[in-house]
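Trainee: Supplied in structure tokens, the structure appears directly below.
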Amino acid sequence: MKVRTRWPSTLIAGALAAMLLTACSSQDSERTMVVGMSDDILATDPASGYDPGSWLLFNNVFQSLLSFPPGASTPVPEAAEECEFSDGSKTYTCTLRDGLKFSNGNSLTSADVKHSFDRTIRINDPAGPAPLLSTIASISTPDDRTVVFRLKVPDATFPSKIASGGGSIVDRQVYPEDGLLEGGKAVGSGPYELNSIDKGKAVFSVYSGYQGTAEVKNSGVTLELFRGDQQALQSALEKGDVDIAYRGLSAKAIAELDTSSTAEKDGIEVVQGTSAEVQHMVFNVDDPVVGKLAVRKAIAYLVDRHSLVSEVYQSTAAPLYSIIPGGITGHGTSFFDTYGDSPKPKQAKAELRKAGIADKVKLTLWSTPSRYGPATDDELDTIADQLNQSGLFDARMKSVPFGEYEKGIAEGKYGIYVKGWVPDYPDPDNFTQPFFGEGNVLSNNYDNEEIVDRIIPRTSSMTDRANTRQQYMKLQDIVAQQLPILPLWQGKQYAVAHENVRGLQNCLDTSTVFRFWELSTAY
């Protein structure tokens, strides 16, 4: 059986409609856009970066074989002309567009594609995306335009993985085989070139030789980096020093700007898009306290998500009762069905007493102040208060720097801690395999044979992703009963911009790709 990756007719129709709408509106395509964000760009070499700031750069400077159109969860050809599965999803073959060139003038061939993936795997940078490519067994290049990936196991999610920043194609004549490219340089074949970068700013110009699906609507982008200073970012937006504030404004600031008459008078508006960012409370199942299922169930009965998202996140997030967020295949309601959507102290008490636990349960909820958003400490403190109000717990929140936090988790010192997750690609696999598969990222000592040995391999081989729903619902039912983690909320994606900015809706979707080329201003 072969499964081809081509432009679906609905996407073609949507693209034509968008072109017609663009032609009928007045837009300034000669203007350089100024975008502000509080994230750092930690890497300019795709073999290293695995953070939101770095992937923003990768998605605009480098091409991948496939990419996600705005609002889509299925990738389509980008540097490739077409791609197809064969051999039961164990072989994936792509044919490149003819005449592709990097921004330095070098030709882009299948040898560059092979080099890009091979070096990422070989370098295996601790901060890089090599784990995404773990199913690759070998890569061959029969000719300059053909690349063949042979996979260790059937992997229907492989197209989505290589459509992400982890699939960025680099020039083999520039990027070394065994080490990272130094000096803050980036040579790609995407819609933009990186002209310069330092700790405070990255400047991008349009690459005139780009060949792909993106239609560039501006003359370049300057990315101002505020390095965690949310107030400075908000001030720059209000003064007109930046056109768009993306990633970094606090929930309180977004809520205030959304309802502020001053912001409305100044022509500042909040644009909301879809997001698949999630946050979970994680339980170490080997911990002497929360290792007891009754304790975990009591917590699940007491956490008030509605109060959490309204008080702490100013309704910039939504309650989550599923391992898989809304908008992604397999989203369900297992936790809602099992524990409800409001605190149930009677059920919590019954679980504890049934397990012979009569005294207040002493707990420490571990947090870290910045990695998962500036409100994380307040969130865990609020949850501790919710537990204490039941009279069943004596809980407190403790926050430590991220390095210490990760070390404590790895050493098994924490019973309860928080983990946030921004997906690499919009597929249910990316919300389950990293949490419950072999070598998972949670480090909570949870292992379930049904999930690891049957559900994950079975879903990985299904090329029709809609058919995976039943299996993912089964996985979530298991997790809801055994409670290695408790879903808390699903984020909403926001950007705040001046009212003459156009195209932001096409930058805020579950693919997490912020598409510079969609941005423009009206006359």
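Trainee: Treat each spin label as a single point 7 Å out from the Cα along the C-beta direction, and report the Ser370 to Glu182 distance in nm.
Mentor: Result: 2.6 nm between the two label points.
Trainee: With a cut-off of 18 Å, note down the residues of region 424-457 whose backbone N falls inside the zone around a label point 7 Å from the Cα of Asn467 toward its beta carbon.
Mentor: The answer is 428-429, 454-457, whose backbone nitrogens lie closer than 18 Å to the label point.
Trainee: Work out how much length Gln230 to Thr333 would gain on full extension: take 0.36 nm times their residue separation and subtract the Cα-Cα distance, in nm to one decimal.
Mentor: The span from Gln230 to Thr333 would gain 33.6 nm if fully extended.
Trainee: Using the Karplus equation 6.51 cos²θ - 1.76 cosθ + 1.60 (θ = phi - 60°), what ³J(HN,Hα) coupling, rounded to whole Hz, does each residue of region 509-514 give in order, writing x for Gly and Pro?
Mentor: 9, 5, 6, 6, 8, 8
Trainee: Would you tally the net charge around Tyr175, using a Cβ to Cβ cut-off of less than 10 Å, leaving Tyr175 out, and scoring K and R as +1, D and E as -1?
Mentor: That works out to -1.
Trainee: Here's something else I'd like to know. Please compute one quarter of the surface area of the Cα convex hull for the chain and express it in square nanometres.
Mentor: The directionally averaged projection comes out at 23.8 nm².
Trainee: Further, regarding this structure: Ignoring everything except DSSP H segments at least 4 long, calculate the 222 nm mean residue ellipticity for the chain; use -39,500 (n - 2.57) per segment, divide by total residues, nearest 500.
Mentor: Details: 16 runs with 148 residues, N = 523.
Mean residue ellipticity, 222 nm, calculated: -8000 deg cm²/dmol.
Trainee: So what's the net charge close to Lys407: Lys and Arg +1, Asp and Glu -1, counting the other residues with Cβ under 14 Å from its Cβ?
Mentor: -1
Trainee: For region 368-523, treating each Cα as an identical point scatterer without solvent, what Debye log10 I(q)/I(0) comes out at q = 0.09, 0.14 1/Å?
Mentor: Debye curve over Cα of region 368-523, log10 I(q)/I(0) at q = 0.09, 0.14 Å⁻¹: -0.43, -0.93.
Trainee: For region 131-251, what is the relative contact order in percent, using Cα pairs closer than 8 Å and at least 6 residues apart in sequence?
Mentor: Normalised by residue count, the contact order of region 131-251 is 12 percent.
Trainee: Another one. Distance in nm between label sites at Ser342 and Ser107, each 7 Å beyond Cα in the beta-carbon direction?
Mentor: 6.9 nm
Trainee: From zero outward in steps of 10 Å, how is the percent of C-alpha pairs of region 440-523 spread across the bins?
Mentor: 13, 28, 25, 19, 13, 2
Trainee: Under 5 Å between amide H atoms, partner at least 5 residues away or on a different chain: which partners does Ser67 have, H built in plane at 1.01 Å?
Mentor: Val76, Glu78
Trainee: Here's something else I'd like to know. Using unit Cβ charges (K, R positive; D, E negative) and no other charged atoms, how large, in debye to the nearest 20, is the dipole of region 361-473 about its Cα centre?
Mentor: 100 debye
Trainee: Also, quick follow-up: Short version: ³J(HN,Hα) in whole Hz for each residue of region 421-429, in order, from phi by Karplus 6.51 cos²θ - 1.76 cosθ + 1.60 (θ = phi - 60°), x for Gly and Pro, what are they?
Mentor: With the stated coefficients, region 421-429 comes to 8, 9, x, 7, 7, x, 9, x, 4 Hz.
Trainee: Using a 1.4 angstrom probe, figure out how much accessible area region 200-310 has per residue, in square angstrom, rounded to the nearest whole.
Mentor: Details: 4480 Å² over 111 residues.
It amounts to 40 Å² per residue over region 200-310.
Trainee: Please compute the length gained on full extension between Ser205 and Asp40, using 0.36 nm multiplied by the number of residues separating them and subtracting their Cα-Cα distance.
Mentor: Extra length from Ser205 to Asp40 when fully extended: 57.4 nm.
Trainee: Can you give the FRET efficiency for Glu449 and Lys360, using 1/(1 + (r/R0)^6), R0 = 30 Å, r = Cβ-Cβ distance, to the nearest 0.05?
Mentor: Between Glu449 and Lys360 the formula returns 0.30.
Trainee: By how many degrees, between 0 and 90 and to the nearest 10, does the Cα long axis of helix 469-482 differ from the longest principal axis of the chain?
Mentor: 30 degrees
Trainee: Setting aside same-chain residues fewer than 8 positions from Lys239, which lysines have a Cα under 20 Å from its Cα?
Mentor: By straight Cα distance, Lys239 reaches Lys201, Lys252, Lys265.
Trainee: Which Cα, out of Pro154, Phe393, Thr512, lies furthest along the positive dipole direction of the chain (beta carbon charges, K/R +1, D/E -1)?
Mentor: Toward the positive end, the furthest listed residue is Phe393.
Trainee: A further question follows. Over all directions, the average projected area of the alpha-carbon convex hull for region 158-311 comes to how many nm²?
Mentor: For the Cα atoms of region 158-311, the hull's average projected area reads 15.5 nm².
Trainee: Related question: Pairs of alpha-carbon atoms within less than 8 angstrom and 6+ residues apart define the contacts here; what relative contact order does the chain have, in percent?
Mentor: 20 percent.
Trainee: Then there is this: Starting from the Cα gyration tensor of region 199-274, multiply each eigenvalue by 5, take the square root, and state the resulting semi-axes largest first in whole Å.
Mentor: Values: eigenvalues 146, 49, 28 Å².
Output for region 199-274: semi-axes of 27, 16, 12 Å.
Trainee: Right, something else. Which of Pro126, Ile41, Val174 sits closest to the plus end of the dipole of the chain, meaning its Cα is farthest towards the positive end, when Lys and Arg get +1 and Asp and Glu get -1 on the C-beta?
Mentor: Pro126
Trainee: Also, I was wondering about something else. Along the charge dipole of the chain, which of Gly420, Ala480, Ser54 sits closest to the positive end, that is, farthest toward it, with unit charges on the beta carbon of Lys, Arg, Asp and Glu (+1, +1, -1, -1)?
Mentor: Ala480
Trainee: On to the next question. Kindly provide the trypsin sites (Lys or Arg not before Pro) of region 34-129 that DSSP labels as loop, not H, G, I, E or B, and whose Cβ sees at most 14 other Cβ atoms within 10 Å.
Mentor: Sparse-neighbourhood loop trypsin sites (Lys or Arg not before Pro): none present.
Trainee: Which whole-Hz ³J(HN,Hα) couplings does region 312-320 yield from phi under the Karplus relation 6.51 cos²θ - 1.76 cosθ + 1.60, θ = phi - 60°, glycine and proline marked x?
Mentor: Per residue, the Karplus-derived 3J(HN,Hα) values read 8, 10, 6, 6, 8, 9, 10, x, 10 Hz.
Trainee: At q = 0.19 Å⁻¹, work out log10 I(q)/I(0) for region 223-380 with the Debye formula, treating every Cα as an identical point scatterer and leaving solvent out; two decimals please.
Mentor: -1.26
Trainee: Which percent, to the nearest 5, of DSSP beta bridges fully inside the chain are antiparallel?
Mentor: 80 percent
Trainee: Hey, another quick one. Run the reach check for Lys292 against aspartates and glutamates, Cα to Cα strictly under 13 Å, same-chain hits fewer than 8 apart removed. What comes back?
Mentor: Glu351
Trainee: PRE reach from Ser260 (point 7 Å along Cα→Cβ): which of region 490-523 fall under 15 Å by backbone N?
Mentor: Hits in region 490-523 for Ser260 at 15 Å: 495-499.
Trainee: Once both axes come from the Cα atoms, what is the angle between helix 110-123 and the longest principal axis of the chain, in degrees from 0 to 90, rounded to 10?
Mentor: It works out to around 30 degrees.
Trainee: Still on this structure: Lys and Arg at +1, Asp and Glu at -1: add these up for the other residues within a Cβ distance under 10 Å of Gly209 and post the number.
Mentor: Charge balance near Gly209 sits at 0.
Trainee: Given a cut-off of 15 Å, what percent of all Cα-Cα pairs of region 397-479 lie beyond it?
Mentor: Numbers: 2113 of 3403 pairs.
Tail of P(r) above 15 Å: 62 percent of Cα pairs.
Trainee: Let me ask something additional. Report the charge-dipole magnitude of the chain in Debye, nearest 20, computed about the Cα centre from +1 at each Lys and Arg Cβ and -1 at each Asp and Glu Cβ.
Mentor: The calculation lands at about 1200 debye.
Trainee: Still on this structure: State the percentage of accessible surface on the chain attributable to carbon and sulfur atoms; use a 1.4 Å probe and exclude ligands, DNA and RNA.
Mentor: 47 percent
Trainee: Return a single number: how many Lys pairs in region 365-523, at a sequence separation of 8 or more or on separate chains, have alpha-carbon atoms below 26 angstrom apart.
Mentor: Lysine pairs satisfying the spacing and distance rule in region 365-523 number 6.
The values are calculated or read from the model by the stated rules, or taken from the named source; none is laboratory data. Fair warning: this is a prediction, and the values are worked out from it, not measured in the lab. So basically every Cβ, Gly included, is an ideal-geometry build from the backbone, and we count neighbours across all protein chains shown. Side chains included, ligands, DNA and RNA excluded: accessible areas come from the protein's heavy atoms. Shrake-Rupley method; radii C 1.70, N 1.55, O 1.52, S 1.80 Å.
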